[in-house]
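Student: Let me give you the structure first, and then I'll get to my questions.
The values are calculated or read from the model by the stated rules, or taken from the named source; none is laboratory data. Because the structure is predicted, anything quoted here is derived from the model rather than measured. Here the Cβ positions follow ideal geometry from the backbone for every residue, glycine too, while neighbour counts run over all protein chains shown.
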Amino acid sequence: MHQTKSIWTVLLIGLISACQQKREPDMLKTTTETFVDVSVEDDVFPPFDVPVSQASSIEQWLTGICREPGPKEPVTTYEVELFESTGQNSICLVGRHVSVHADATFNRIVFRPSDMYFKLPIQTYKDLDRTALLNKLSAELTAFTQTETFQQSYLSKAPALVFRANGKRIWPQ
């Protein structure tokens, strides 16, 4: 019992002396670093007052785009955007270039084909809910990438073709 008391006394004295020791100022330094990550992205706007392709199908619309001169600047990704509205849905195609400078990422639109907007035919898509619409559009875009027209066009030379509405990578698969 006396030995247990001695052990507790030694531990208590050690604890008290540890608490009374002054800490060196160097041990209390903290370093704070701040990182700022800036992302700048060009927006694509719905086709309110802009020309819209007169094509009757997505394949016909994309075929027309493939026949146009390609972009003058390098394209990192071609993106198909979906604009949904009550009366009429539309899609558009743009070419983007992503670059990183210091702490900033720039996602610029560098290519806009002359027929960049296509109004989806109401009769073809009218009875589809959003999930079915996205699936149908993804399937049609994927089918177009299998055509010779696409394979020989500048669109196939980009690292990616993405359908932004569902984030699906259409090309390459």
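Student: In segment 53-96, which residues are in contact with an Asp or Glu (Cβ under 8 Å, 6 or more places away or on another chain) and aliphatic (A, V, I, L, M)?
Tutor: A55, I58, I65, I91, L93, V94
Student: How many residues are among the β-branched types (V, I, T), closer than 19 Å to P121 by Cβ and modelled with pLDDT of 75 or more if we restrict to segment 41-63?
Tutor: Number of matching residues: 3.
Student: Please identify the pairs in which a residue from segment 151-173 that is farther than 16 Å from G70 by Cβ and crowded, with 18+ Cβ neighbours inside 10 Å has its Cβ atom under 7 Å from the Cβ atom of a residue that is of a type in the set (A, V, I, L, M) and modelled with pLDDT under 95, counting only partners at least 6 apart or on another chain.
Tutor: That search, which allows pairs on different chains as well, returns nothing.
Student: Looking at (1) under 12 Å from N89 (Cα atoms); (2) out of contact with any strand residue (DSSP E or B) (no Cβ under 7 Å at 6 or more places or on another chain); (3) hydrophobic (A, V, I, L, M, F, W, C), which one does L137 not meet, given that it meets all the others?
Tutor: Result: L137 passes all but (2).
Student: Any residue in segment 130-140 that is at pLDDT 95 or above, within 20 Å of G64 (Cα to Cα) and in contact with a helix residue (DSSP H, G or I) (Cβ under 7 Å, 6 or more places away or on another chain)?
Tutor: Yes, there is a match, as at least one residue in segment 130-140 is at pLDDT 95 or above, within 20 Å of G64 (Cα to Cα) and in contact with a helix residue (DSSP H, G or I) (Cβ under 7 Å, 6 or more places away or on another chain).
Student: I'd like to verify a number: residues in segment 94-134 that are among the small types (G, A, S) and within 15 Å of V75 (Cα to Cα), how many?
Tutor: 2
Student: Related question: Can A132 be described as out of contact with any strand residue (DSSP E or B) (no Cβ under 7 Å at 6 or more places or on another chain) and without any contact (Cβ under 8 Å) to a residue 60 or more places away in the chain?
Tutor: Yes, satisfied.
Student: Is it the case that segment 94-108 has a residue that's at pLDDT 95 or above, of a type in the set (G, A, S) and closer than 16 Å to I65 by Cα?
Tutor: yes
Student: Let me ask something additional. Answer yes if at least one residue in segment 95-109 is surrounded by 15 or more Cβ atoms within 10 Å (Cβ to Cβ) and touching a Leu at 6+ places or on another chain (Cβ under 9 Å), and no otherwise.
Tutor: Taking every residue of segment 95-109 in turn, at least one turns out to be surrounded by 15 or more Cβ atoms within 10 Å (Cβ to Cβ) and touching a Leu at 6+ places or on another chain (Cβ under 9 Å).
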